[in-house]
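Asker: Below is the structure I would like to discuss, written out as structure tokens.
Just so it is clear, none of the values below were taken in a lab; they were calculated from the coordinates. Being a predicted model, the structure only gives us computed values, none of them experimental. Cβ: placed from backbone, ideal geometry, glycine included. Neighbour counts: every protein chain shown.
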Amino acid sequence: MTTLQRRSLLVGAAAATLGAPVIGRAQNMDKGGEWPKGPIKIIVPFPPGGSTDPVARIIQAKLIETTGWNIIVDNKPGGTGAVGSAVAAKSPPDGQTWMLTFDSHILNPAFASNLPYKDSELINVMLIGHTPQAIAAHPDRPYKTFAEAVEDAKKRPGKVSMGVLGASQALVLMTLIKRENDVDINLIPYKGFQNCDISSTWRGAGT
């Protein structure tokens, strides 16, 4: 089987399973013999339970079902994806290490000049999907709309906090919203998405 066919098989099987945002990545394929020669590792550079993690597990299950390959999902959170990206970049170039990433991968170089990898060490294989930005708050929070949160932050500067993924479109968007509305909202960076929401000191909701 040729290198192109090997890559197309893996990418095509993955693409058939998804409706969530993620960019697939493969290292250079092995140039001879049967492939794969061992487990295929899918690196998720975010914590379990985040938006990319279930996508990786959907791909894993479908590929195992259709190919019988041994496929492992390996969560490597930290540095808004930079830790996992470095692991993927430094892995053997045998086509058996893949990574699912998010918008932070594109924005990381703008926020950090000393990333532990070079983007040239990674190959973007395909875009699997898109997702809208969403803002959420726990039901115990006093807000029914985001406009209410902004109005509260204007009345009580520095008392409303919002979790965002560092070096992400969410961070860029919220920075723009703060500037355009002249409002002081604390932006708290998280390693992943599952803990990010709006909180407030009002009604004892926490900070």
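Asker: Sorted by mean Cβ packing within 10 Å, highest first, what order do the peptides 53-62, 142-151 take? Intermediate values should be presented prior to the final figure.
Answerer: Working: 53-62: 18.7, 142-151: 14.3.
Descending mean neighbour count gives 53-62, 142-151.
Asker: With only alpha-carbon atoms in the gyration tensor, what are the semi-axes of the equivalent ellipsoid for segment 73-139, in Å, largest first?
Answerer: 24, 15, 12
Asker: Given points 7 Å out from each Cα along the Cα-Cβ axis, report the TRP69 to SER113 separation in nanometres with one decimal.
Answerer: According to this spin-label approximation, the distance is 3.9 nm.
Asker: Scaled to the compact-protein estimate 2.2 N^0.38 Å, what is the alpha-carbon radius of gyration of segment 112-175, rounded to two decimal places?
Answerer: 1.60
Asker: By how many nm would the segment from THR131 to LEU176 lengthen if fully extended, with 0.36 nm per residue of separation less the alpha-carbon distance?
Answerer: 14.3 nm
Asker: So for each of 124-132, 94-102 I average, over its residues, the number of other beta carbons within 10 Å; can you give me the resulting order with the highest mean first?
Answerer: Top to bottom by mean Cβ count within 10 Å: 94-102, 124-132.
Asker: If R₀ is 30 angstrom, what is the calculated FRET efficiency for the pair SER120 and ILE188, using the beta carbon separation as r and rounding to 0.05?
Answerer: Here the calculated transfer efficiency is 0.40.
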